[in-house]
Amino acid sequence: MTLDDFQVSVKAAAQPPADVSPTLQALWYDARGDWDRAHQLAQDVESPEGAWVHAYLHRKEGDPDNARYWYTRAGRRESQVSLSQEWEEIARALLSAGE
């Protein structure tokens with residue numbers, strides 16, 4: 001699946017694509033405005049990718065201390081780009097990794 005396909009699914013589908021990981025599902029729900037569902041999915045993923053999505057969500061929430069904790073768990077620096085740019089960066093990385 002390409003990033004374009006994934007973004008189209010956010011606008012056109014009632015549910016995330018069936019063949020994507022929970023981390024991508026979390027991004028899908030976030031893009032649809034369901035932060036709580038996105039957070040629930042992300043916090044259940046015990047991997048650096050899950051921690052990255054979790055960090056992004058707390059950054060979006062406006063909780064920088066919690067976001068910082070999750071960026072550290074993900075092994076990443078705190079993002080300095082816009083939220084939409086970070087969402088795209090994460091989605092692109094997860095899709096290219098076959099998540």
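Annotations
- Qualifying residue in region 38-54 (condition: at pLDDT 95 or above, among the small types (Gly, Ala, Ser) and either exposed (fewer than 12 other Cβ atoms within 10 Å of the Cβ) or farther than 26 Å from GLY75 by Cβ (or both)): no
- Checking region 78-98 against the condition returns a match, with at least one residue being assigned to a loop (DSSP other than H, G, I, E, B), touching a Phe, Trp or Tyr at 6+ places or on another chain (Cβ under 9 Å) and free of Cβ contacts under 8 Å to residues at least 40 places away in the same chain.
- Condition met for ASP63 (modelled with pLDDT of 95 or more and over 14 Å from the mean Cα position of the chain (by Cα)): yes
- Considering region 18-39, the residues that are in contact with a Pro (Cβ under 8 Å, 6 or more places away or on another chain) and of a type outside the set (S, T, N, Q) include one that is nearest to GLU61 (Cα to Cα), namely TYR29.
- First in region 21-41 and within 16 Å of THR2 (Cα to Cα), second anywhere and part of a helix (DSSP H, G or I) and of a type in the set (Ser, Thr, Tyr), Cβ under 8 Å, 6 or more apart: TRP28/SER9
The values are calculated or read from the model by the stated rules, or taken from the named source; none is laboratory data. Here the structure is a predicted model, which is why all the values come from computation and not from measurement. All Cβ positions, glycine included, derive from the backbone under ideal geometry; neighbour counts span all protein chains shown.
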